[in-house]
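The values are calculated or read from the model by the stated rules, or taken from the named source; none is laboratory data. Since this is a predicted model, take the numbers as computed values, not measurements. Every residue, glycine as well, gets a Cβ built from its backbone with ideal geometry; the counts of neighbours run over all protein chains shown. Keep in mind that these areas ignore ligands, DNA and RNA; they rest on the heavy atoms of the full protein, side chains included. Shrake-Rupley method; radii C 1.70, N 1.55, O 1.52, S 1.80 Å.
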Amino acid sequence: MRQSVFDMKFSKVYPALVQKAERKGRTRAEVDEITAWLTGYSFRQIDEALSSDLSYGDFLSNAPAYNPRAEFIKGKVCGIQVETIEDPLMKKVRQLDKLVDELAKGKTMEAIKR
């Protein structure tokens with residue numbers, strides 16, 4: 001049985017997002033910045049989550065201050081239109097993935113942060 005992305009450890013998923021950005025010449029610091037912008041976590045809290053058994057779903061569900069500007073994240077990721085996703089947690093997963101995609105494609109931090 002395939003493990004749900006919600007149940008995967010944050011410490012396994014997040015490095016994959018960082019690698020996606022790094023393959024295109026971006027940095028972990030930039031991924032941390034957009035993650036902090038989207039979720040309200042501090043850089044220290046992101047590091048603590050990476051050192052814990054926290055699931056990816058819990059990381060996003062328990063975000064201290066999910067950015068209300070996330071509603072402006074639009075476009076496709078993995079062939080799915082982000083703004084049409086009905087499941088709130090899956091939408092958050094795809095929103096962060098979309099931001100990392102935009103980072104990897106060379107968008108400026110100002111454009112990514114909308």
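Points to keep in mind about this one:
- One residue stands out among those in the stretch 24-57 that are among the charged types (D, E, K, R) and under 24 Å from R114 (Cβ atoms): the one that is farthest from the chain's Cα centre (by Cα), which is K24.
- The set of residues in the stretch 19-62 being in contact with a Leu (Cβ under 8 Å, 6 or more places away or on another chain) and within 23 Å of D7 (Cβ to Cβ) consists of V31, T35, L38, T39, G57, L60, S61.
- Across the stretch 95-114, the qualifying residues are those that are surrounded by 20 or more Cβ atoms within 10 Å (Cβ to Cβ) and aliphatic (A, V, I, L, M), and the one among them that is farthest from P15 (Cα to Cα) is I112.
- Every residue from the stretch 95-108 that is assigned to a helix (DSSP H, G or I) and either without any contact (Cβ under 8 Å) to a residue 40 or more places away in the chain or more than 18 Å from Y66 (Cα to Cα) (or both): K98, D101, E102, L103, A104
- Taking the stretch 70-94 as the range and being in contact (Cβ under 8 Å) with a residue 40 or more places away in the chain and either over 22 Å from M8 (Cβ atoms) or in a loop (DSSP other than H, G, I, E, B) (or both) as the test, the residues that pass are F72, I73.
- Taking every residue in the stretch 58-69 that is over 14 Å from I34 (Cβ atoms) and pairing it with any residue that is of a type outside the set (A, V, I, L, M, F, W, C), at least 6 positions away or on another chain, the pairs with Cβ-Cβ distances below 7 Å are P64/G40; P64/Y41; A65/G40.
- Qualifying residue in the stretch 64-77 (condition: on the phi < 0 side of the Ramachandran plot, over 12 Å from the mean Cα position of the chain (by Cα) and of a type in the set (G, A, S)): yes
- Output for the stretch 37-57, where each listed residue is open to solvent by 20 Å² or more (accessible area, probe 1.4 Å) and either assigned to a helix (DSSP H, G or I) or not polar (S, T, N, Q) (or both): W37, G40, Y41, F43, R44, Q45, D47, E48, L50, D53, L54
- Residue satisfying all of: in the stretch 1-36; of a type in the set (D, E, K, R) and more than 17 Å from L99 (Cβ to Cβ); least open to solvent (accessible area, probe 1.4 Å) among these: K9
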